[in-house]
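The structure appears right after this line, and notes come after that.
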Amino acid sequence: MGKNQDKDKDSFLYPKGKYRGKFTPQNLVFDANLQEFAQKILIICSLEANGKISPLKAYREIKSLWRELKQSKKELFDIPNMDE
């Protein structure tokens, strides 16, 4: 496959919506992380619904992805206490 075909396939499989909220670098990065999270959840749910993975495996995968998203949010938006 050529580079253009790979790019077309990737944008079909993993579409990225344009960010329209208040622009900050943190908001933009979190939006990208959130879109990636949603795409992975969709794939996991499809695999489980079609019997390719067990419900327990799907749950564990989703739980792991959720933890990653929470960590991303914490790193991007939680301001540490400056007194410490």
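Tabulated values for the structure
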quantity	calculated
Every residue from region 44-74 that is surrounded by 13 or more Cβ atoms within 10 Å (Cβ to Cβ) and outside any helix (DSSP H, G or I)	Ile53
Test: residue in region 5-19 that is among the hydroxyl-bearing types (Ser, Thr, Tyr), within 14 Å of the chain's Cα centre (by Cα), assigned to a loop (DSSP other than H, G, I, E, B) and modelled with pLDDT under 95	yes
Pairs, first modelled with pLDDT of 95 or more in region 22-43, second among the aromatic types (Phe, Trp, Tyr) and buried (at least 16 other Cβ atoms within 10 Å of the Cβ), C-beta under 6 Å, six or more apart	none
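The values are calculated or read from the model by the stated rules, or taken from the named source; none is laboratory data. Source: prediction; values computed, not measured. Glycine also receives a Cβ, built like all others from the backbone with ideal geometry; neighbour counts cover every protein chain displayed.
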